[in-house]
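Worksheet: the structure to be examined is printed underneath.
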Amino acid sequence: MFKSLFQYIEEHLERKISTEEAARAAGYSASHLHRLFTFAYGISVSDYIRKRKLASSLLMLSDQTKSVLDIAVTCGYEYEQSFSRAFKEEFGMTPRKYRMTHPVLPVIPPIQDFGYECGSGLLFGPEYVMFPE
């Protein structure tokens with residue numbers, strides 16, 4: 001049901017993605033996609049996109065040759081301050097502090113669409129949980 005949406009998001013993490021663009025990729029109106037996505041996954045499409053962008057930025061921050069500003073722009077943020085604010089809100093620290101300490105942080109992985117058709121509806125699941133070794 002959302003495979004094209006998830007593929008679109010993952011392929012375009014390195015630029016700004018509007019909810020309207022995401023809706024077009026999924027074949028729904030923005031408001032309908034918002035309702036369906038929030039119901040199915042418990043998170044809004046825009047929050048999911050933001051979380052995926054920030055998760056992808058962690059790998060880029062490991063590369064000391066890239067500036068935080070370059071990473072912010074690559075992730076679709078116009079200003080380093082906007083990126084830093086979103087990063088701190090998501091992970092509880094600034095990108096610079098992450099660079100210095102490299103702690104283990106919880107991230108949202110790409111959602112895999114396991115939606116199966118069942119009668120006239122869809123069954124969402126299964127969920128999976130990752131445990132540290």
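Below are the figures for this structure:
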quantity	calculated
Sulfur and carbon atoms: percent of accessible area, the stretch 1-103 [1.4 Å]	53 percent
Relative contact order computed over the stretch 42-107 (Cα-Cα under 8 Å; 6+ residues apart), in percent	30 percent
Neighbour cut-off at most 15 other Cβ (10 Å), DSSP loop, GluC sites (Glu not before Pro), the stretch 13-94	Glu14, Glu78
Shape of the stretch 11-79, Cα gyration tensor, a/c cut at 1.5	prolate
Surface accessible to a 1.4 Å probe, His32 within the full protein complex, Å²	70 Å²
Computed accessible area, Thr74, all protein chains, 1.4 angstrom probe, square angstrom	50 Å²
Å² of accessible area per residue within the stretch 1-77, as computed with a 1.4 Å probe and no ligands counted	50 Å²
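The values are calculated or read from the model by the stated rules, or taken from the named source; none is laboratory data. Keep in mind it's a predicted model, so treat the numbers as computed, not measured. Methodologically, a virtual Cβ is constructed for each residue, glycine included, from the backbone with ideal geometry; neighbour enumeration extends over all protein chains shown. Areas reflect the complete protein model, heavy atoms only, side chains present, ligands, DNA and RNA absent. Shrake-Rupley method; radii C 1.70, N 1.55, O 1.52, S 1.80 Å.
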